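Report on the following structure.
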Amino acid sequence: MTKLEKRITAVTAVLALAFGVTQNVGAMHIAEGFLTPGWCIGWGAICIPFLVVGVMQMKRTVSKHRKTLILLAMCGAYAFVLSALKIPSINGSSSHPTGTGLAAILFGPFLTSVLGIIVLLFQATLLAHGGLTTLGANTFSMAVAGPLVSWGIFALCKKCRLNRLVSVFLAASLGDLFTYCVTSIQLGLDHPSEVGGIMASIVRFMGVFAVTQIPLAIVEGLLTVVVVMGLEAYAKPELTEIGYLKEATA
């Protein structure tokens, strides 16, 4: 192993020890059987274009920048570990970080969608976290919508010449929060309230998860800043190769 690989392996191990223990409560990945078949198919279909573009971008990135493979692996591991953490919320539900903001900042939203669906598939099959029938809905909220916002916020902050680390914090935090807004919309659309209909149901779901998700989003933003600082210190060639440092400092 190279010095960089040893350092990243150590960081990944520490993150796994710190966040890898899950709670025995319902996870905010939408659980198996919680959505009707029509919505499961619909959300999955919406994800297909993002995944197709993401696979093409991943092939191109890997072929042109072989050294970035370890960054891709780290982004996937980061998302897997963080999104496996489940913090009890109210009404017997739970919240968790998403971890996809880092990949969106470094590689963009389309490639992140591919990493995200791989993470969700492993969690559904190995940890019973989420479900296979709801894989499309969970992919759209955590691996498509959230990363799109993270990428957009980071790009906007660069144009406004905001401090790079502040930009990383805002991108990761707001992407996390938007993921849960989308999840609440998905649940509200499929489970409208008897009193107030769809909007009342969406507001209720958002209120349930806001209690724990807002502080979790702040924590995820800070942790992502720490990870990026480490990468900027020990992986400058790789970050320059994918355009992150060059674009961020331009």
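The values are calculated or read from the model by the stated rules, or taken from the named source; none is laboratory data. Keep in mind the model is a prediction, meaning the values are calculated, not measured. A quick note on method: Cβ atoms are made from the backbone with ideal geometry, for glycine too, and the neighbour counts reach across all protein chains shown. Please note that ligands, DNA and RNA were not included when accessible areas were found on the heavy atoms of the full protein model with its side chains. Shrake-Rupley method; radii C 1.70, N 1.55, O 1.52, S 1.80 Å.
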*For 161, 60, give the ranking by accessible area with the largest first, probe 1.4 Å.*
161, 60
_For residue 219, what accessible surface area do you get with a 1.4 Å probe? Give it in Å², rounded to 10._
80
_Just to verify a number: what accessible area does residue 167 come out at with the full protein assembly present, 1.4 Å probe, Å² rounded to tens?_
0
_Tensor-based shape of region 46-185 (alpha-carbon gyration tensor, a/c under 1.5 rounded, otherwise prolate or oblate)_ = oblate
*Top to bottom by accessible area (1.4 Å), largest first, where do 181, 40 land?*
181, 40
*May I ask for the net charge around residue 65, where only other residues with Cβ less than 12 Å from the Cβ of residue 65 are counted and Lys, Arg are +1 while Asp, Glu are -1?*
+3
*asked:* Rounded, prolate or oblate for region 103-175? Axes are the square roots of the Cα gyration tensor eigenvalues, ordered a ≥ b ≥ c, and the cut-off for rounded is a/c under 1.5.
replied: prolate
